[in-house]
Amino acid sequence: MKLKMKSNFKQHLLLSSLLFGLFFGAGNLIFPIHLGQISGENWLPAALGFVLSAVLLPLGSILALSITKSKSMYDLALPVGTTFSLLFLIFAHASMGLFIGSPRLATVSFTMGVKPFLPNNSWVHPALFIFSALFFSLIVYLAYNQNSIINSVGKFLNPLFIILLFSLFFIAFCLQGDLTKLPSIPVAGKGTGSFINGFLEGYNTMDALAGLGFGVTIITALKVFVKDEKKHAWSVAKVGFSALGLEALIYVLLIALGVASLSYTKISTDGGTAFTIIMNHYTGAFGAAVLAVLTFLACVTTALGVLQSFSQDLGNRFPKIGYHKFLVFSNLIAFGLANLGLDQIILFSLPVLVFLYPLAITLILLALCCKVIGKNKIIYRVTMTLVLIPATLDMFHSLPPMLHAPFTALDKWCVTNIPLFSMSLDFIPFMLTGFIGSVIYVKLFQKK
């Protein structure tokens, strides 16, 4: 009995490590640090908002898959309709894997880990080409066997990453004592230091979408250990609580690290620059090498997760093509886009995120309510249709300047007439109206 309990604990620890490694990419390192810097003395409400969107929403996505016994985000969205499910699956995975997430992971890893060591800018493009080719070749190698991700991430890559990261926290907050002397610095700016600003900043991690995508990877990994399908849902929930609880702790520490850095540096233009300054402050020249390893490990584990889950989901939808062809195809596309550079990837990522996130949040909340509403198609379809309206308007609002000009008049009208539009939270009243109205309709008329 003791041996069995010990074995189950090791399995739980391994899968929790796997899930944490899949979620925690380079963006999860740099966005909290930058949020801490721009928040100043208001860092605590900003941290709470960030944890809500970057931790609780991803946890909700894992629980949604568990509660509804869905094997993928396609199954989760199926009550809305087969066309919507397939399109949402493709767009969500495309943003995480092909067009934004994975290319960004490769370029962030290059920018923070390789570029600082290049002799001059003329080396950047050829070096990025070689680095990204090796990066995505490694992803294909590690993900070719679907179950090998347990060993490559859960047993090796992620534990090494956690050890290095907590070594930095130990130096900063225990040896240097910076946690006890967080500077009380007010920072001016739109939404700075606010709960809402932290919530919206959490979108950049893409973890709510990633949770819907990684569900299939975790379920596949669980089948290796848990043979009883009735226990899968509870096992996924326990793994999610453990992994994302650790992630929440790290986010708060990273935000505090960003605030503490204001005592010896100014606000940086981005979190990557801030992290480089912080590492140099605590560890000197050696910090650049540690930062390169930290960033590379974080990027590889997350890229491995998003590209494998993309290939698994679409491989299941289109079995004639299969997992391995989708894996090679997705890595080739991500490799090509990575060579466009980090600035171009980030420029076009925000419109995609503000469109997909309201849909993902609505889908997660509907699934979490399944004990009450079941998988009622009327409730799902009405609620999701209404949320599509503000999601589309927010996408137009967030377009890059060169594409935004035709929508200026529409923006002004929305600011005046749609509640919470200026905060990019206008999907909330639409979601609540659709959900409450459709539930009342179903309760009153559907049975009759």
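The values are calculated or read from the model by the stated rules, or taken from the named source; none is laboratory data. Since we're looking at a predicted model, the values are computed, not measured. For neighbour counting, all protein chains shown are included, and Cβ atoms are generated from backbone atoms with ideal geometry for every residue, glycine included.
State which residue is surrounded by the fewest Cβ atoms within 10 Å (Cβ to Cβ) when the search covers only the stretch 277-305 and only residues that are among the small types (G, A, S) and in contact (Cβ under 8 Å) with a residue 60 or more places away in the chain. Reasoning before the result, please.
The initial filter retains those residues of the stretch 277-305 that are among the small types (G, A, S), namely 284-285, 287-289, 292, 298, 303, 305.
Imposing the further condition that a residue be in contact (Cβ under 8 Å) with a residue 60 or more places away in the chain reduces the set to 288, 292, 298, 303, 305.
Values: A288: 16, A292: 20, A298: 28, A303: 31, G305: 30.
Looking at the filtered set, the residue picked out is A288.
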For the stretch 88-107, check the following and say yes or no: at least one residue is free of Cβ contacts under 8 Å to residues at least 40 places away in the same chain, hydrophobic (A, V, I, L, M, F, W, C) and either in contact with a strand residue (DSSP E or B) (Cβ under 7 Å, 6 or more places away or on another chain) or more than 16 Å from L356 (Cα to Cα) (or both).
no
Residue count for the stretch 375-403, restricted to those that are exposed (fewer than 15 other Cβ atoms within 10 Å of the Cβ) and without any contact (Cβ under 8 Å) to a residue 40 or more places away in the chain
4
Looking at S102, is it modelled with pLDDT of 90 or more, in a helix (DSSP H, G or I), outside the structural domain of V354 (by TED's automatic domain parsing) and among the hydroxyl-bearing types (S, T, Y)?
no
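Per-residue answers, yes or no, for (1) at pLDDT below 80; (2) surrounded by fewer than 24 Cβ atoms within 10 Å (Cβ to Cβ); (3) touching a strand residue (DSSP E or B) at 6+ places or on another chain (Cβ under 9 Å); (4) not in a loop (DSSP other than H, G, I, E, B):
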site	(1), (2), (3), (4)
L212	no, no, no, yes
I218	yes, no, no, yes
K223	yes, yes, no, yes
W234	yes, yes, no, yes
A243	no, no, no, yes
I255	no, no, no, yes
F275	no, no, no, yes
L307	no, no, no, yes
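In the same structural domain as I364 (by TED's automatic domain parsing), in contact with a Leu (Cβ under 9 Å, 6 or more places away or on another chain), closer than 17 Å to F355 by Cα and part of a loop (DSSP other than H, G, I, E, B): which single residue out of L425, L410 fits that description?
Details: L410 fails: part of a loop (DSSP other than H, G, I, E, B).
Sole residue among the options that is in the same structural domain as I364 (by TED's automatic domain parsing), in contact with a Leu (Cβ under 9 Å, 6 or more places away or on another chain), closer than 17 Å to F355 by Cα and part of a loop (DSSP other than H, G, I, E, B): L425.
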Quick count over the stretch 334-374, residues being under 20 Å from L59 (Cα atoms) and either at pLDDT 90 or above or surrounded by 20 or more Cβ atoms within 10 Å (Cβ to Cβ) (or both), is 16
Against the condition farther than 30 Å from L356 by Cβ and part of a helix (DSSP H, G or I), how does V140 come out, does it pass?
no
Here the residues within the stretch 311-335 that are in a helix (DSSP H, G or I), of a type outside the set (A, V, I, L, M) and farther than 14 Å from P103 by Cα are S311, Q312, D313, G315, N316, R317, Y323, H324, K325, F326
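Being hydroxyl-bearing (S, T, Y) and either assigned to a loop (DSSP other than H, G, I, E, B) or assigned by TED's automatic domain parsing to the domain that holds I379 (or both) is true for just one of S66, S39, S70. Which residue is that? Steps first, please.
Numbers: S66 fails: either assigned to a loop (DSSP other than H, G, I, E, B) or assigned by TED's automatic domain parsing to the domain that holds I379 (or both); S39 fails: either assigned to a loop (DSSP other than H, G, I, E, B) or assigned by TED's automatic domain parsing to the domain that holds I379 (or both).
Among S66, S39, S70, only S70 is hydroxyl-bearing (S, T, Y) and either assigned to a loop (DSSP other than H, G, I, E, B) or assigned by TED's automatic domain parsing to the domain that holds I379 (or both).
Scan the stretch 164-176 and give yes if some residue there is over 19 Å from the mean Cα position of the chain (by Cα), outside any helix (DSSP H, G or I) and either at pLDDT below 75 or surrounded by fewer than 15 Cβ atoms within 10 Å (Cβ to Cβ) (or both), otherwise no.
We begin by selecting, within the stretch 164-176, every residue over 19 Å from the mean Cα position of the chain (by Cα); these are 164, 166-176.
Within this subset, residues satisfying the condition of being outside any helix (DSSP H, G or I) are 176.
Those left that are additionally either at pLDDT below 75 or surrounded by fewer than 15 Cβ atoms within 10 Å (Cβ to Cβ) (or both): 176.
Yes: the stretch 164-176 contains one or more residues that are over 19 Å from the mean Cα position of the chain (by Cα), outside any helix (DSSP H, G or I) and either at pLDDT below 75 or surrounded by fewer than 15 Cβ atoms within 10 Å (Cβ to Cβ) (or both).
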Does I321 fit the bill of being in contact with a Lys or Arg (Cβ under 7 Å, 6 or more places away or on another chain) and closer than 30 Å to S137 by Cβ?
no
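Only residues that are within 22 Å of T276 (Cβ to Cβ) and either of a type in the set (S, T, Y) or more than 15 Å from the chain's Cα centre (by Cα) (or both): list them for the stretch 13-45, please.
Residues of the stretch 13-45 within 22 Å of T276 (Cβ to Cβ): 24-40, 43.
Answer for the stretch 13-45, where residues must be within 22 Å of T276 (Cβ to Cβ) and either of a type in the set (S, T, Y) or more than 15 Å from the chain's Cα centre (by Cα) (or both): I33, H34, L35, G36, Q37, I38, S39, G40, W43.
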Identify, by number, the condition in (1) buried (at least 24 other Cβ atoms within 10 Å of the Cβ); (2) farther than 30 Å from L160 by Cβ that F31 doesn't meet.
(2)
